[in-house]
Amino acid sequence: MQNTLTTFFIQVPPPFELLASEEAELKYKLLFNEKLQTTVVPGGFNIEVEYYKGVTLNHYLKIPNKILLVLKTFKCRDLPKLFNQISKFKWKHYIGDKTPKFIINTKQSRLINTSKIEKTLVESFKRSNQMFLSSKKEKEKTNDYQHFNLYIQIIDDNCTVSLDTSGERMSLRKERIQVGLAPIRENLAAALIYQTIKNLKGHYNFFDPMCGSGVFIIEVNNFFKPTTRDYAYKHFVINIEQPKLTRLKSNISFNLYGNDKSKEQLQICENNLKNCQIECLLSNEDILNIEKKDLKDCIIITNPPYGKRVNIEDSNFENKLVQKIKAVIDYKYFGLISLNRNKKNILKFKNGGIPLFFNYY
Ligand SMILES: C[S@@+](CC[C@H](N)C(=O)[O-])C[C@H]1O[C@@H](n2cnc3c(N)ncnc32)[C@H](O)[C@@H]1O
């Protein structure tokens with residue numbers, strides 16, 4: 001497997017595909033001292049790299065959802081062809097004799113009935129396992145793992161079969177021990193952070209004035225630090241040398257500051273930061289009452305309550321918040337998540353199904 005090139009599809013939440021490909025190019029260069037070629041498509045980007053480099057990216061890329069290993073592509077217009085293609089593949093090299101969870105997506109194809117497709121896939125796996133028996137060792141390696149997923153995409157009668165190397169989605173970092181009030185998904189927070197800092201070098205202050213459980217603070221601190229949780233690829237039968245996980249050398253650093261008016265949220269934040277060994281100065285104030293803060297070159301990113309998942313008592317809260325921040329902090333960038341678009345808006349995205357804007361002031 002070493003030295004031969006393998007195709008991976010890196011799945012990314014829209015509209016962050018291009019941004020995530022830039023993150024991958026930067027980090028790949030820092031990790032392997034090589035240029036990475038990416039091909040951006042709706043929903044992600046493709047790369048062709050050595051297998052161990054592709055799976056190692058699970059630990060370092062913060063914006064994507066999943067890293068899929070593309071195993072097969074073939075024309076497919078009927079179930080017997082699908083059965084034939086899937087059953088002759090030696091799945092035992094990857095997942096022993098386990099049947100994965102199937103994620104099926106079909107468009108503009110003759111094969112359209114997903115329950116019939118799923119039934120065929122289950123039968124194909126049975127057949128493959130009968131033909132290519134797994135050894136005791138292969139079974140042992142894969143037995144206890146619960147997150148093997150196989151993605152089957154059939155578009156215009158072209159079938160692509162991809163094995164999920166991440167397992168649980170990559171935004172689950174398993175670093176926060178407590179969840180706060182309506183947190184933003186970690187990979188979305190990372191995307192908004194990278195969008196803001198990608199052209200910066202040097203030392204900055206980072207401040208989240210409504211930090212909740214601390215997602216932005218943790219994501220800023222850990223953007224160049226590997227995530228060390230478990231991934232599906234570690235349970236594949238094929239062995240690779242486990243990557244040495246070290247923080248990437250970056251040319252940006254931060255002093256971290258967080259604030260929340262809720263004592264309870266702040267305690268959750270403190271516990272999470274302690275668990276991640278992150279140093280950050282926390283304060284417990286109503287942001288509308290804060291006094292001038294001496295934070296030069298400050299980068300502010302925050303996810304305020306906007307009346308969907310967390311209620312707001314004052315309908316003019318956002319406006320007051322912007323005026324207050326402008327008056328008391330000498331900021332370099334101030335990015336605010338909102339239900340409304342402002343003039344400098346550059347990003348529209350969804351968090352938990354809610355359409356949102358990321359506005360700079
Ligand atoms: C949507 S949550 C932020 C979640 C956070 N980004 C996270 O990911 O965990 C909004 C936070 O703003 C805090 N908050 C609401 N009004 C505030 C105010 N006037 N001053 C400071 N914090 C406030 C709430 O206590 C809550 O923790």
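Structural remarks
- Largest-first principal axis extents of the Cα set of the range 186-360 (Å): 57, 35, 34
- Computed from Cα positions, the angle between helix 317-328 and the longest principal axis of the chain comes to roughly 60 degrees.
- The convex hull defined by the C-alpha atoms of the range 318-361 has an orientation-averaged projected area of 3.2 nm².
- Neighbour net charge for Glu313 - beta-carbon separation under 14 angstrom, K R +1, D E -1: -1
- Estimated D of the chain in µm² per second, where Rh is the Kirkwood radius over Cα pairs and Stokes-Einstein applies at 20 °C, 1.002 mPa s: 96
- Put simply, the amide H of Ser213, placed in the peptide plane, has neighbours under 5 Å in Gly180, Leu181, leaving out anything fewer than 5 places away on its chain.
- Structure-based [θ]222 nm, the chain - -39500 (n - 2.57) summed over DSSP H runs of at least 4, per residue, nearest 500: -9000 deg cm²/dmol
- Taking Lys and Arg as +1 and Asp and Glu as -1, the other residues whose beta-carbon sits under 11 Å from that of Asn221 total -1.
- Note on the range 5-164: semi-axes of the ellipsoid equivalent to its C-alpha gyration tensor, largest first and rounded to whole Å, are 28, 21, 12.
- Rounded Å value of the spacing that divides the Cα centres of the range 278-324 and the range 17-39: 33
- Each residue of the range 221-226 was assigned a 3J(HN,Hα) from its phi angle through the Karplus expression (A = 6.51, B = -1.76, C = 1.60, θ = phi - 60°), giving 4, 9, 4, 9, 9, x Hz with x at Gly and Pro.
- Between 0 and 90°, nearest 10: helix 186-197 axis offset from the chain longest Cα axis: 60
- Exceeding the 30 Å Cα-Cα cut-off - candidates Lys35/Lys136; Lys29/Lys174; Lys225/Lys343; Lys92/Lys116; Lys90/Lys225: Lys35/Lys136; Lys225/Lys343; Lys90/Lys225
- Scanning residues 5 or more positions from Phe334 or on other chains, those with amide H under 5 Å from its amide H are Ile300, Tyr361, with H placed 1.01 Å from N in the peptide plane.
- The protection proxy used here, the mean number of other Cβ atoms lying within 10 Å of each residue, ranks peptides 253-264, 180-191, 100-111 as follows, highest first: 180-191, 253-264, 100-111.
Here, each number is a calculation from the coordinates, and none is a lab measurement. If you're wondering where the values come from, they're calculated on a predicted model, not measured in any experiment. With ideal geometry, Cβ positions are generated from the backbone for all residues, glycine too; neighbour counts draw on all protein chains shown.
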